[in-house]
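Here is the structure we will look at, set down as structure tokens.
The values are calculated or read from the model by the stated rules, or taken from the named source; none is laboratory data. Keep in mind it's a predicted model, so treat the numbers as computed, not measured. Counting neighbours? That spans all protein chains shown, and the Cβs are built from the backbone with ideal geometry, glycine included.
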Amino acid sequence: MKYLLYFIFLFISANVNCQNSKNAIQVLAYRHGCHGQCGFFYADSCGSNTDTIIGLTKIIKIKDKYYKNGKLLLKQQVDSLNLIISDNILIIKSLISDIKNEKYLKFVAPWPSCYEFEEYKINFKNKFYRFKILINIGNDIANENGAFLHDKEIEFYNDLIKIVK
């Protein structure tokens, strides 16, 4: 039993040290949650009376290695992540920009006081980009400004979420 506790402590220490290293560069931070007074009638994972965080993911880089929540990522995953971000930087910028016209349909939360969201913070060339995706019961997705995503934005979102989850 003593050795088991020692190994558990060693494993936790290694993960904490990995994530708190001074040389660590945050590549991506992801939060999935619900905002508002959702109540238990909500048909998804937002079953609480206050803001709820359902999932957290951090991808960091230490030297040439990438870690997702403390676990080493495979080279293919790292290559995919870097390619997705670099190829879609214009889409990322469009997700955080203001809506210039009102011709787009607007996102409507399933309940006025509650919506599900996914928030991303991406580091690209030492500049951070933060955007939020809103999700309703019908799995429609919109940016933080309420405009539904276009096909290319949905494709980017789907590729990114495969790596994050």
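Is it the case that the stretch 94-117 has a residue that's farther than 16 Å from residue 34 by Cβ, among the polar types (S, T, N, Q) and at pLDDT below 75?
Yes: one or more hits.
What are the residue pairs meeting all of these: first residue in the stretch 86-100, first residue polar (S, T, N, Q) and outside any helix (DSSP H, G or I), second residue at pLDDT 90 or above and surrounded by 14 or more Cβ atoms within 10 Å (Cβ to Cβ), Cβ atoms under 7 Å, and 6 or more apart or on different chains?
Sorted first by the residue in the stretch 86-100, then by its partner, the pairs are 88/156.
Report, by residue number, each residue of the stretch 42-78 that is surrounded by 15 or more Cβ atoms within 10 Å (Cβ to Cβ), modelled with pLDDT under 90 and in a strand (DSSP E or B).
Result: 52, 54.
Could you tell me which of the residues 141, 122, 133 is farther than 29 Å from residue 25 by Cα, touching a Leu at 6+ places or on another chain (Cβ under 9 Å), at pLDDT 75 or above and surrounded by 15 or more Cβ atoms within 10 Å (Cβ to Cβ)? Spell out the reasoning first.
Values: 122 fails: farther than 29 Å from residue 25 by Cα; 133 fails: farther than 29 Å from residue 25 by Cα.
Answer to the selection: 141.
Search the stretch 61-76 for residues that are under 13 Å from residue 29 (Cα atoms) and pair each with any residue that is of a type in the set (Lys, Arg) and not in a loop (DSSP other than H, G, I, E, B) when their beta-carbon atoms are under 8 Å apart and the residues are at least 6 apart or on different chains.
Sorted first by the residue in the stretch 61-76, then by its partner, the pairs are 67/61; 68/58; 69/58.
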